[in-house]
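> Quick one: structure below, then a few questions.
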Amino acid sequence: MLEAYLAARAQLELDEARGLDAVAGAQELTRRFSFLAEDEAHEIAASLSPSAPVEAQESAAMRTHLLAFRELLPRARAAAIRTAILTDRFPLAGKPMSWPEVAPRLSMGRTGHGLDEGLARAASPHVRELTELAVGCAGEVPLEGVATADRWLAATDDLQQAAKEHVAPEASELASWMAALAKDSPWSPRGRLRRAAERMFPLGLSSLLQRVQLLPPRRDVLFGVRVVSVRPPHDLRMAPPAADLGALSEVDAAHAVGRAVAQLLVAPALPAALRWNSDATVPQVFGGLSSQVLFTNDSLTACLSARERDQQRRRLGALLLTAVRSAAAYASWAGSERSAAGAGERSSRALGLSVDPDLALLLAPSPVEAVALFRGAHDALAIWAALREMLDQDWYKNPRAADVLRSAAGRGAGLSSQEWLAELGGESDLALARAHELFPS
């Protein structure tokens, strides 16, 4: 039954990536597989023999899938609200505009003045429903991940402030900060995913992406390439956004390519619970590693002078730091009362500027997803440092790294990012040291 559900859920995610309304499909899956929400299903998952490593991993993965099942319908409803808002027109600078019309302004470094207010105003009629959906998610949020997120925010507050002062001290809202990070990108939007694939660890792994099918660009997403594993590891789709946001989009494309490679490396003989990865922290780490390749001299030398490289590297460092802190903010929010006010407060602190509570809630991932996104983003920093210690400074060009990466990704949901870091002999503290390397204060 679990494999049938996972295949059906993958199809639902594919429909959503194509821009279709997934609410009806989520309702049907919730009804069809209602057994998965019952205590008996969790008891069956827990009954697998912990003495057999694969069965113990399968048991843990099954429990994660069952928690994700409880978020299925709330996530679909929240996604439908976001889609409606971003495809409709909202007031901006005195006239109605939609997100695809606004995005080009940000990519040119224009602040998009009024964008935060316009999106927040469009979201405000839905705040009660979005709050109820977030609070009603029955998934158990991993408290260890929430605590790590809180510690990360406290440890990097000063670093984020330094990054903001360097990149855009005048930025006071989310749109102006995004514009500051997006502008002066040395990379063209043309061929972005191909370029990211070529950069993705020159270890023969990027050839896997020939098996990926690209979907038409999505006009109803604020930001980010969607990666959907339909039949892992044989069938994977990617849906890029229609909007270009300069350096933000370059980093995101690299992240998406990393996530895709991880899912294409999953061993096909694994049980279904391990082939489909609900936790997805290891694919998130692959994405974080691929993003960090952008910071290397090998990547920047091809398009920038020595002086320009240093400036761009610091902007990229600020961008990545912001991304991890934003993920930490939502992980912290997931472990709290999950109100709009809480989302706004944590997002404002994470970015060092004012984020409207309604806008912060609109952009919030589901609670369980929020913690997984943070764990992957955080652990990617530590794992980069651990791989460098093991394989040298340019580990991403070392042929031995391919075996390490294949071994990790091949286990699918049987390996978490924290377990992988421990296998590499690394400590969580490496993440903070790596953050300071990416943006020297």
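> Looking only at the stretch 119-128, decide whether some residue is farther than 19 Å from residue 369 by Cα, in a loop (DSSP other than H, G, I, E, B) and basic (Lys, Arg). Working first, answer last.
Just the residues of the stretch 119-128 that are farther than 19 Å from residue 369 by Cα, to begin with: 119-128.
With the extra rule that they be in a loop (DSSP other than H, G, I, E, B), the set shrinks to none.
No, the conditions are met nowhere in the stretch 119-128.
> For the subset of the stretch 251-283 comprising residues that are in contact with a Ser or Thr (Cβ under 6 Å, 6 or more places away or on another chain) and more than 9 Å from residue 412 (Cβ to Cβ), which member is surrounded by the most Cβ atoms within 10 Å (Cβ to Cβ)? I'd like the intermediate steps shown before the answer.
Keep residues of the stretch 251-283 that are in contact with a Ser or Thr (Cβ under 6 Å, 6 or more places away or on another chain), which gives 251, 254-255, 257-258, 263, 278-279, 281-282.
Going one step further and asking which of them are more than 9 Å from residue 412 (Cβ to Cβ), we end up with 251, 254-255, 257-258, 278-279, 281.
Details: 251: 25, 254: 27, 255: 29, 257: 33, 258: 29, 278: 21, 279: 25, 281: 25.
In this case the residue turns out to be 257.
> Let me ask something else about it. May I ask you to verify whether residue 340 is of a type in the set (A, V, I, L, M), under 18 Å from the mean Cα position of the chain (by Cα) and modelled with pLDDT of 95 or more? Before you say what the answer is, go through the steps one by one.
Working: of a type in the set (A, V, I, L, M): yes; under 18 Å from the mean Cα position of the chain (by Cα): no; modelled with pLDDT of 95 or more: yes.
No.
> Residue by residue through the stretch 229-238, note down the ones that are surrounded by fewer than 24 Cβ atoms within 10 Å (Cβ to Cβ), closer than 21 Å to residue 194 by Cβ and touching a residue at least 60 places away in the same chain (Cβ under 8 Å).
Residue satisfying the conditions is 237 alone.
> For the stretch 70-78, check the following and say yes or no: at least one residue is at pLDDT below 75 and either farther than 30 Å from residue 416 by Cβ or not in a helix (DSSP H, G or I) (or both).
Here is the first cut: in the stretch 70-78, the residues at pLDDT below 75 are none.
Scanning the stretch 70-78 turns up no residue that is at pLDDT below 75 and either farther than 30 Å from residue 416 by Cβ or not in a helix (DSSP H, G or I) (or both).
> Now, a different point. Identify, please: which residue in the stretch 287-328 is among the charged types (D, E, K, R) and open to solvent by 10 Å² or more (accessible area, probe 1.4 Å) and is, among those, farthest from residue 174 (Cα to Cα)? Before the answer, list the steps.
If we filter the stretch 287-328 for residues that are among the charged types (D, E, K, R), which is where we start, we get 298, 307-310, 313-315, 325.
Still in the running and open to solvent by 10 Å² or more (accessible area, probe 1.4 Å): 298, 307-310, 313-315.
On the way: 298: 31, 307: 28, 308: 25, 309: 25, 310: 25, 313: 21, 314: 19, 315: 16 Å.
My answer is 298.
> For residues that are without any contact (Cβ under 8 Å) to a residue 60 or more places away in the chain and either over 15 Å from residue 261 (Cβ atoms) or open to solvent by less than 40 Å² (accessible area, probe 1.4 Å) (or both), tally how many sit in the stretch 185-194.
First, pick out the residues of the stretch 185-194 that are without any contact (Cβ under 8 Å) to a residue 60 or more places away in the chain: 188, 190-191, 194.
Those left that are additionally either over 15 Å from residue 261 (Cβ atoms) or open to solvent by less than 40 Å² (accessible area, probe 1.4 Å) (or both): 188, 190-191.
So the count comes out to 3.
> Something else: Any chance you could count how many residues in the stretch 141-184 are open to solvent by 60 Å² or more (accessible area, probe 1.4 Å), within 23 Å of residue 250 (Cβ to Cβ) and at pLDDT below 90? It would help to see each step written out before you state the result.
Kept after step one, since they are open to solvent by 60 Å² or more (accessible area, probe 1.4 Å), are these residues of the stretch 141-184: 142-144, 150-151, 154, 158, 161, 165-166, 169-170, 172, 183-184.
Among the residues that remain, those that are also within 23 Å of residue 250 (Cβ to Cβ) are: 166, 183-184.
Filter again for at pLDDT below 90, leaving 183-184.
Of the residues in that region, 2 qualify.
> What's the total number of residues in the stretch 395-427 that are touching a helix residue (DSSP H, G or I) at 6+ places or on another chain (Cβ under 6 Å) and among the polar types (S, T, N, Q)?
The total comes to 3.
> What's the number of the only condition in (1) surrounded by fewer than 22 Cβ atoms within 10 Å (Cβ to Cβ); (2) under 16 Å from residue 153 (Cα atoms) that residue 363 fails to meet?
Condition not satisfied by residue 363: (2).
> Search the stretch 420-441 for residues being of a type in the set (Gly, Ala, Ser) and assigned to a loop (DSSP other than H, G, I, E, B), and hand back the single one that is surrounded by the most Cβ atoms within 10 Å (Cβ to Cβ). Spell out the reasoning first.
Here is the first cut: in the stretch 420-441, the residues of a type in the set (Gly, Ala, Ser) are 422, 425-426, 428, 431, 433, 435, 441.
In the following step, the residues that additionally are assigned to a loop (DSSP other than H, G, I, E, B) were identified as 425-426, 428, 441.
Working: 425: 9, 426: 21, 428: 16, 441: 13.
The residue in question is 426.
> Write out, first by first residue and then by second, each pair whose Cβ atoms fall under 9 Å of each other, whose residues are 6+ apart or on separate chains, and whose first residue, in the stretch 206-218, is touching a residue at least 40 places away in the same chain (Cβ under 8 Å) and over 12 Å from residue 18 (Cβ atoms) while the second is of a type in the set (A, V, I, L, M, F, W, C) and open to solvent by 30 Å² or more (accessible area, probe 1.4 Å).
Partner pairs satisfying both residue conditions: 209/193; 212/193.
> Return only the number of the condition from (1) open to solvent by 10 Å² or more (accessible area, probe 1.4 Å); (2) in contact (Cβ under 8 Å) with a residue 24 or more places away in the chain that residue 378 does not satisfy.
Result: residue 378 passes all but (1).
> Just name the residue that is farthest from the chain's Cα centre (by Cα) out of those in the stretch 80-97 that are open to solvent by less than 20 Å² (accessible area, probe 1.4 Å) and touching a residue at least 24 places away in the same chain (Cβ under 8 Å). I'd like the intermediate steps shown before the answer.
So in the stretch 80-97, the residues open to solvent by less than 20 Å² (accessible area, probe 1.4 Å) come out as 81, 85-86, 90, 92, 97.
Still in the running and touching a residue at least 24 places away in the same chain (Cβ under 8 Å): 81, 85-86, 90, 92.
Values: 81: 20, 85: 21, 86: 19, 90: 26, 92: 28 Å.
Among those that are open to solvent by less than 20 Å² (accessible area, probe 1.4 Å) and touching a residue at least 24 places away in the same chain (Cβ under 8 Å), it is 92.
Let's see how each residue does on (1) at pLDDT 90 or above; (2) open to solvent by 30 Å² or more (accessible area, probe 1.4 Å):
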| site | (1), (2) |
| --- | --- |
| 9 | yes, no |
| 29 | yes, no |
| 61 | no, no |
| 64 | no, yes |
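The values are calculated or read from the model by the stated rules, or taken from the named source; none is laboratory data. Not measured: the values here are computed from a predicted model. Heads up, the Cβs are rebuilt from the backbone with ideal geometry, glycines too, and the neighbour counts pull from every protein chain shown. Calculation scope for accessible area: heavy atoms of the full protein, side chains included, ligands and nucleic acids excluded. Shrake-Rupley method; radii C 1.70, N 1.55, O 1.52, S 1.80 Å.
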